Amino acid sequence: MAENLLEVRNISVTFKTRYGILKALDNLSLNVKKGEILGLVGESGAGKSMTGAAILGLIDAPGQLSSGEIFYKDECISDAPEAVRGHEISMIFQDPLMSLNPLRKIGDQLVETILTHMNISKSEAIKKAKNGLKEVGIDPSRLNSYPHTFSGGMRQRVVIALALAPEPSLIIADEPTTALDVSVQAQILDLLKKLCKERGTSIILVTHDMGVIAETTDRVGVLYAGRLAEIGNTREVLTDPKHPYTRGLVESTPRIDSNSFKKSLFQIPGSMPKLDAMPSGCAFHPRCAFASDICTKKIPPILHKRAACWLLENGEL
Ligand code: SF4
């Protein structure tokens with residue numbers, strides 16, 4: 001089994017507000033192996049992006065990492081994430097314009113990123129920037145172009161080149177294709193997957209889209225209300241989901257190989273709870289058809305290394 005590149009151990013992210021302490025992440029643990037693509041999926045407010053922000057130390061005040069530890073290559077980085085941010089772990093955002101300065105040529109931005117993170121000469125950095133563009137399918141002569149002269153898909157290609165330029169071991173990609181047309185989405189995901197597999201780079205892919213999870217990831221973590229609901233090999237989780245929330249997500253995803261497109265899709269009743277109205281026990285219990293007394297009182301741990309659901313304890317799943 002590949003060794004762990006990243007280990008997130010029991011982290012909680014809290015926000016001190018006038019209504020009290022609100023928990024955006026609650027005792028979350030996961031790991032990323034070298035070279036693997038781990039998907040994080042769930043509805044809005046599940047804690048997917050917050051997990052990426054916590055790893056990179058990008059939690060906006062008044063939020064804070066209030067407990068737990070994050071290890072990268074066996075070193076604890078919880079207190080100094082900036083030591084790895086950018087060169088060891090880089091980030092791709094949903095909107096390419098968040099990563100690109102509209103007032104500067106993309107070549108200058110690429111070269112600056114390379115020089116910030118690598119100890120090489122400017123001429124070597126320019127060569128590397130040209131190669132980076134070529135790898136993502138953009139003519140190196142476009143180094144002198146400004147971001148606005150590219151289409152959305154091409155801009156996201158530039159952002160991938162920017163993220164890969166410092167040769168990171170891990171990329172956190174937060175909904176990297178959500179803002180793009182479906183056909184372009186597939187191209188960008190294929191490109192990211194290919195380049196990372198070639199280099200042995202791991203990816204944490206944050207998405208709300210089960211189709212993207214199925215197509216792209218090796219393992220998947222399903223998040224609900226800031227907690228891990230289920231984690232495992234993507235194929236196993238999608239073909240035999242254990243947690244009722246995962247089942248709901250799978251059943252509400254249209255499949256081309258079934259008759260699901262002919263009938264109405266399953267809907268999970270209700271919605272994700274707000275941070276200031278978190279249900280007791282299993283946070284999913286108000287929406288769960290299988291909820292029992294214990295579910296309203298005790299938070300289930302991850303059982304059998306797979307899902308946080310009391311049904312698993314009784315062998316009912
Ligand atoms: Fe449903 Fe209970 Fe399992 Fe939560 S612990 S998912 S409420 S059965």
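The values are calculated or read from the model by the stated rules, or taken from the named source; none is laboratory data. Every value quoted in this text rests on a predicted model; they were computed, and no experiment measured them. Neighbour counts are summed over all protein chains in view; Cβ atoms, including those assigned to glycine, are modelled from backbone coordinates with ideal geometry. Protein only, heavy atoms only, side chains kept; ligands, DNA and RNA dropped before computing areas. Shrake-Rupley method; radii C 1.70, N 1.55, O 1.52, S 1.80 Å.
Structure notes:
- Computed Rg/Rh of the range 103-167, alpha carbon atoms with Kirkwood Rh: 0.93
- Residue among Glu198, Glu43, Glu69 with the largest mean-square fluctuation in a Gaussian network model of the chain, springs linking Cα atoms under 10 Å: Glu198
- Gain upon complete extension [Glu251, Ser123; 0.36 nm per residue less C-alpha separation]: 40.8 nm
- Summarising the overall dimensions of the range 1-142 from its C-alpha atoms, the Rg and Dmax are 18.0, 55 angstrom.
- Solvent-accessible surface ranking, highest first, for Ser151, Ser99 at 1.4 angstrom: Ser151, Ser99
- Choice from Ile294, Ile114, Ile77 showing the highest fluctuation, given a GNM over the chain with Cα pairs closer than 10 Å: Ile294
- The chain, relative contact order [Cα under 8 Å, separation at least 6], %: 20 percent
- Estimated from helices alone, the mean residue ellipticity of the chain at 222 nm is -9000 deg cm²/dmol (sum of -39500 (n - 2.57) over DSSP H runs with n ≥ 4, per residue).
- Under the Debye formula (equal points on every Cα, no solvent term), log10 I(q)/I(0) of the chain at q = 0.11 Å⁻¹: -0.72
- Acute angle (nearest 10 degrees) that the helix 152-164 long axis makes with the longest principal axis of the chain, alpha-carbon atoms: 90 degrees
- For the chain, the longest piece that avoids every one of the trypsin sites (Lys or Arg not before Pro) found in DSSP loops with at most 16 other C-beta atoms within 10 Å covers 106-254.
- Accessible area in square angstrom per residue, the range 103-167, 1.4 angstrom probe: 50 Å²
- A straight Cα-to-Cα reach below 17 Å connects Lys130 with the lysines Lys105, Lys122, residues fewer than 8 places away in its own chain not being considered.
- Helix axis angle, 122-135 relative to the chain longest principal axis, alpha carbon, degrees: 60 degrees
- Accessible area of the chain belonging to carbon and sulfur atoms, whole % at 1.4 Å probe: 51 percent
- Pairs from the list Lys34/Lys298; Lys193/Lys274; Lys48/Lys127; Lys16/Lys48 with a Cα-Cα gap above 29 Å: Lys34/Lys298; Lys193/Lys274; Lys48/Lys127.
- Choice from Leu56, Leu103, Leu205 showing the highest fluctuation, given a GNM over the chain with Cα pairs closer than 10 Å: Leu103
- On Cα atoms only, tilt of 106-117 relative to the major axis of the chain in degrees: 70 degrees
- Residue-span extension gain [Met278 to Asn314] - 0.36 nm each, minus C-alpha spacing: 10.4 nm
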